[in-house]
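Student: Next up is a structure, given as structure tokens.
The values are calculated or read from the model by the stated rules, or taken from the named source; none is laboratory data. All of these numbers come straight from a predicted model, not from anything done at the bench. Methodologically, a virtual Cβ is constructed for each residue, glycine included, from the backbone with ideal geometry; neighbour enumeration extends over all protein chains shown. For accessibility, only protein heavy atoms count, side chains too; no ligands or nucleic acids. Shrake-Rupley method; radii C 1.70, N 1.55, O 1.52, S 1.80 Å.
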Amino acid sequence: MLQRFSRLSPKGWLALILLALGGLLALIEQRNLISLPSPPSTGESGEPDYYLEDATLTRFDATGTAYQRLETPRLTHTPTDDVTRLQAPDARLVDDRGRVWLASADTGRLGANANPLKLSGNAQLQAPEQGWKINSEVLIYDAETGHAWSESEAVLRKFQQRVRGDRFDAWLDSGQMQLNGNVRGYHPPIDEESGS
């Protein structure tokens, strides 16, 4: 057998080396396969027509100014109900004065024509410029009116103060927020210099 290999021409050796290298690369490739994402499940809303991973969606107004950005590790769209479902969405909302508001949750849902945005599970709306944030199980945001609200219990926090109510409404453009129903709070003195 060794005599056969010794009789190979340089072209034969080259072909043999390329075959061995190809086999080695195929073996390495199979061991390092990146697991492909599982297809989205088919639920009561029908089969998805597409899904995206590590997606960023940006909405622009008529003047071309970005007013809403959503980042999510995975989104799924179903054409039957024209709904987009989001996993762990992080939203950046810009009001008509250019102030930035942040929102996040465990899951999200964009209605038909990408409005309203419904955030569910540990939903949070934060006003970084004003220093407050509000947490609720469900938060709904209408981009056309700049109105965010929740029909479930909500907790408003600013510094060390906490106020709890049965529901809340926030109007981003005017910067107003309102808690309603069984409102109760904890208000320790605020040290404005340290922010606590």
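Student: Taking a 1.4 Å probe, which of TRP101, TRP149 shows the most accessible area, and what order do the others take after it?
Tutor: TRP149, TRP101
Student: Give me the accessible area per residue for segment 45-135, probe 1.4 Å, as a whole number in Å².
Tutor: Per residue, segment 45-135 has 51 Å² of solvent-accessible surface.
Student: Okay, next question. Given a Förster radius of 45 Å and the C-beta distance between HIS77 and LEU19 as r, what FRET efficiency does 1/(1 + (r/R0)^6) yield to the nearest 0.05?
Tutor: 0.45
Student: Can you tell me how much longer the chain between THR58 and ARG184 gets when fully stretched, taken as 0.36 nm per residue apart minus their C-alpha distance, in nm with one decimal?
Tutor: 41.6 nm
Student: Let me ask another. Modelled label-to-label distance, SER9 and SER174, 7 Å Cα→beta-carbon offset: nm?
Tutor: Calculated label separation equals 9.0 nm.
Student: How much of the accessible area of segment 43-160, probe 1.4 Å, is carbon plus sulfur, in whole percent?
Tutor: Heavy-atom surface of segment 43-160 belonging to carbon and sulfur, 1.4 Å probe: 46 percent.
Student: Sorting THR63, THR78 by accessible area (1.4 Å probe), largest first, what list results?
Tutor: The ranking, largest first, comes out as THR63, THR78.
Student: Counting only protein chains, not ligands or nucleic acids, how are TYR141, TYR186 ordered by accessible area (probe 1.4 Å), most first?
Tutor: Result of the area sort, largest leading: TYR186, TYR141.
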